[in-house]
Amino acid sequence: MAEATAVFDRPDGAKGRRLSLGLFMAVMAIGLGYIAVHLTADLAPVQESSSLPFILLGVALMIALGFEFVNGFHDTANAVATVIYTNSMAPNFAVVWSGFFNFLGVLTSTGAVAFGVISLLPVELILQVGSQAGFAMVFALLIAAIIWNLGTWYFGLPNSSSHTLIGSIIGVGLMNQILAGSSGTSGVDWSQAAGIGRALLFSPLIGFVLSALLLLLCKALIKAPQLYAAPKGKEPPPFWIRGLLVLTCTGVSFAHGSNDGQKGMGLIMLILIGTVPTAFALNRAVTPDQTQVFVAVSRQASDALSHYVPAGAPASTDARKEVTDFVRTREAGPVTIPALQSLAGSIATEVGKFSDLSNVPQNQISNVRNDMYLASEALRLMNKSGQPTFAGTDKDVLKTYNRELDNATKFIPTWVKVAVALALGLGTMVGWKRIVVTVGEKIGKDHLTYAQGASAELVAMTTIGAADMFGLPVSTTHVLSSGVAGTMAANGSGLQWETIRNMIMAWVLTLPASIILSGGLFFLFRQVF
């Protein structure tokens with residue numbers, strides 16, 4: 001540990017450390033100012049007779065950003081581990097640098113990961129997120145994730161915040177189903193959970209194998225002994241190696257923001273929609289012209305759906321309930337298509353009464369948003385199952401309609417992205433050292449070399465970027481740490497099996513532990529709320 005401490009005594013000196021810290025604090029101040037201004041502007045139209053919604057909003061946002069803060073201990077700390085360990089960057093500056101590219105990754109992300117994770121939750125809790133059960137859900141899964149992440153961080157284990165959050169969501173879903181008994185409420189979307197589970201399972205294996213192969217390829221093609229050396233005390237690497245490591249750190253940070261950084265944002269949006277739906281249930285950035293296009297596409301979608309109504313199908317009597325049943329059970333009945341057709345027509349009629357979405361009355365916003373969400377989810381599930389098979393022009397119309405629905409309901413304000421980036425950066429600043437020591441010195445029997453760090457990070461950024469293209473969440477922690485393990489094995493350095501065993505134990509225990517924690521907390525909060 002003495003060597004690790006020496007590594008963390010930066011070559012930049014006290015002046016450099018003060019400059020880096022000053023830059024970090026300046027970024028924090030500017031970011032907080034931006035958040036305050038835009039949150040205030042978004043809340044300006046809200047008319048509430050009680051201060052309770054704003055109190056709940058404040059508490060829930062603090063817990064959600066607390067999750068992102070703790071997430072910074074784990075996932076974001078992995079993004080800066082190699083540049084800090086190899087003396088390529090001072091810790092404070094590395095955190096600011098990583099945070100900036102995390103933010104760029106978030107800004108350019110599609111939001112598919114954020115709302116893909118949300119779709120695991122029981123549909124009735126999503127539709128009633130502003131209810132007592134909705135708040136119990138949000139508080140339970142976030143607090144459970146924070147508790148487990150803090151515990152594994154304390155022991156220096158590169159635990160996955162992604163696994164923790166997925167486990168927490170599953171725990172809430174299972175407990176919701178247990179509490180409901182035979183009332184018909186839903187639990188976990190197991191088909192969606194299976195897809196996410198496969199991504200979380202195979203991505204570390206990909207990281208291990210590809211990092212090992214990349215290191216062997218580098219050794220065969222690049223004959224530069226200094227690239228395969230370990231850091232020496234406070235001495236930074238040669239300039240070209242330093243540039244390579246900074247480049248790979250930048251790529252991992254950007255990829256992390258475009259994937260891992262989204263997970264908490266989806267939950268923050270649920271909180272905003274539940275507490276102040278007037279401001280956040282519908283996308284107020286949609287222009288009047290775009291609103292009229294939406295209405296026209298809704299009517300076209302209703303007409304397209306009429307072509308797939310089964311012969312002799314009963315007429316829809318309660319479109320919202322019938323579509324909700326389909327989304328909840330994933331089982332289509334004779335009335336499903338007529339109900340979705342009716343819902344699309346109803347949405348067109350309701351939105352068509354107003355020049356743009358921002359004019360929808362406060363007492364109607366939640367219902368309009370829920371109808372849009374149900375129509376979007378129903379179309380997604382139909383496309384996924386291939387039943388019915390939409391063809392030709394109808395397929396194009398319904399695809400456009402699904403995109404228009406998502407644009408109106410699945411959006412993330414820029415100030416939310418800024419808040420998440422700041423929370424991640426602050427968490428990394430506070431807790432990076434434990435994770436950096438684990439990645440740099442405790443995975444292999446030899447210390448991490450420059451080539452090993454670059455190989456692991458290059459594979460991590462590529463793997464995470466590919467997962468983001470498919471809207472699948474993966475763990476930066478597991479992909480990078482398994483990549484480091486792969487390079488150690490390929491280099492013949494040997495692995496510290498105590499650390500590997502602890503990492504595997506954390507990986508194995510995270511899902512059941514977070515399921516039990518969140519399920520127990522959800523049960524407790526349902527008794528209290």
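The values are calculated or read from the model by the stated rules, or taken from the named source; none is laboratory data. Please read these numbers as outputs of a predicted model, since none were measured by experiment. Quick reminder, even Gly has a Cβ in these numbers, built from the backbone with ideal geometry, and neighbours come from all protein chains shown. Just the protein is used for accessible areas: all its heavy atoms, side chains included, with ligands, DNA and RNA removed. Shrake-Rupley method; radii C 1.70, N 1.55, O 1.52, S 1.80 Å.
Quick notes on this one:
- Listed conditions (1) open to solvent by less than 50 Å² (accessible area, probe 1.4 Å); (2) part of a helix (DSSP H, G or I); (3) under 30 Å from G233 (Cβ atoms); (4) not polar (S, T, N, Q) are all met by M89, apart from (2).
- Residue-level check: of (1) open to solvent by less than 30 Å² (accessible area, probe 1.4 Å); (2) of a type in the set (S, T, N, Q); (3) free of Cβ contacts under 8 Å to residues at least 12 places away in the same chain, S493 misses just (3).
- Any hit, segment 291-308, residues being touching a Pro at 6+ places or on another chain (Cβ under 8 Å) and surrounded by 19 or more Cβ atoms within 10 Å (Cβ to Cβ): yes
- V351 being open to solvent by less than 10 Å² (accessible area, probe 1.4 Å), assigned to a helix (DSSP H, G or I) and either farther than 30 Å from S49 by Cβ or modelled with pLDDT of 90 or more (or both): yes
- Contacts under 7 angstrom Cβ, first residue in segment 310-337 being at pLDDT 90 or above, partner hydroxyl-bearing (S, T, Y) and not in a helix (DSSP H, G or I), 6 or more apart: E322/S316; V335/S316; I337/Y308
- If the condition is being under 22 Å from the mean Cα position of the chain (by Cα) and either closer than 18 Å to G345 by Cα or loosely packed, with under 15 Cβ neighbours inside 10 Å (or both), then segment 381-403 contributes K384, N402, R403.
- Some residue of segment 255-266 being in contact with a Gly (Cβ under 9 Å, 6 or more places away or on another chain), under 30 Å from N491 (Cα atoms) and either at pLDDT 90 or above or among the aliphatic types (A, V, I, L, M) (or both): yes
- Between V252, V209, the distinction of being under 24 Å from the mean Cα position of the chain (by Cα) and β-branched (V, I, T) belongs to V252 only.
- Inside segment 434-453, residues that are open to solvent by 10 Å² or more (accessible area, probe 1.4 Å) and either assigned to a helix (DSSP H, G or I) or free of Cβ contacts under 8 Å to residues at least 60 places away in the same chain (or both) make up a count of 5.
- Residue count, segment 199-221 (criterion: open to solvent by 70 Å² or more (accessible area, probe 1.4 Å) and free of Cβ contacts under 8 Å to residues at least 40 places away in the same chain): 4
- Checked against the criterion of being in contact with a Phe, Trp or Tyr (Cβ under 9 Å, 6 or more places away or on another chain) and of a type in the set (V, I, T), the candidates T389, T317 yield just one match: T389.
- Check on A375, among the hydrophobic types (A, V, I, L, M, F, W, C) and open to solvent by less than 20 Å² (accessible area, probe 1.4 Å): yes
- Pick from segment 122-170, criterion part of a helix (DSSP H, G or I) and hydroxyl-bearing (S, T, Y), ranking: farthest from I516 (Cα to Cα): Y154
- Residue match in segment 248-258 (condition: within 30 Å of I365 (Cα to Cα), crowded, with 21+ Cβ neighbours inside 10 Å and in contact with a helix residue (DSSP H, G or I) (Cβ under 6 Å, 6 or more places away or on another chain)): yes
- Verdict on F24 being farther than 30 Å from S358 by Cβ, at pLDDT 80 or above, surrounded by 12 or more Cβ atoms within 10 Å (Cβ to Cβ) and of a type outside the set (D, E): no
- From the list T82, T108, the lone residue that is closer than 26 Å to A230 by Cβ and touching a residue at least 12 places away in the same chain (Cβ under 8 Å) is T82.
- Output for segment 151-174, where each listed residue is modelled with pLDDT of 85 or more and open to solvent by 40 Å² or more (accessible area, probe 1.4 Å): L174
- Residue in segment 222-245 that is least open to solvent (accessible area, probe 1.4 Å), counting only those that are in a helix (DSSP H, G or I) and touching a Ser or Thr at 6+ places or on another chain (Cβ under 6 Å): L245
- Any hit, segment 510-522, residues being in a helix (DSSP H, G or I) and either over 20 Å from H163 (Cβ atoms) or of a type in the set (D, E) (or both): no
- Here A506 passes the criteria (1) modelled with pLDDT of 80 or more; (2) surrounded by 19 or more Cβ atoms within 10 Å (Cβ to Cβ); (3) out of contact with any Cys (no Cβ under 7 Å at 6 or more places or on another chain); (4) in a helix (DSSP H, G or I) except the one numbered (1).
- Only one entry of A81, A29, A36 meets the criterion of being open to solvent by 60 Å² or more (accessible area, probe 1.4 Å), modelled with pLDDT of 80 or more and of a type in the set (A, V, I, L, M), and that entry is A29.
- Some residue of segment 358-366 being farther than 30 Å from P334 by Cα and touching a helix residue (DSSP H, G or I) at 6+ places or on another chain (Cβ under 7 Å): yes
- Criterion violated by L340 - all others in (1) part of a helix (DSSP H, G or I); (2) within 21 Å of I126 (Cα to Cα); (3) open to solvent by 30 Å² or more (accessible area, probe 1.4 Å) satisfied: (3)
- Residue selected from segment 40-58 under the condition open to solvent by 70 Å² or more (accessible area, probe 1.4 Å) and outside any loop (DSSP other than H, G, I, E, B), by the criterion modelled with the lowest pLDDT: L52
- Residue list for segment 355-396, restricted to those being touching a residue at least 60 places away in the same chain (Cβ under 8 Å), outside any helix (DSSP H, G or I) and over 15 Å from F294 (Cβ atoms): P388, F390
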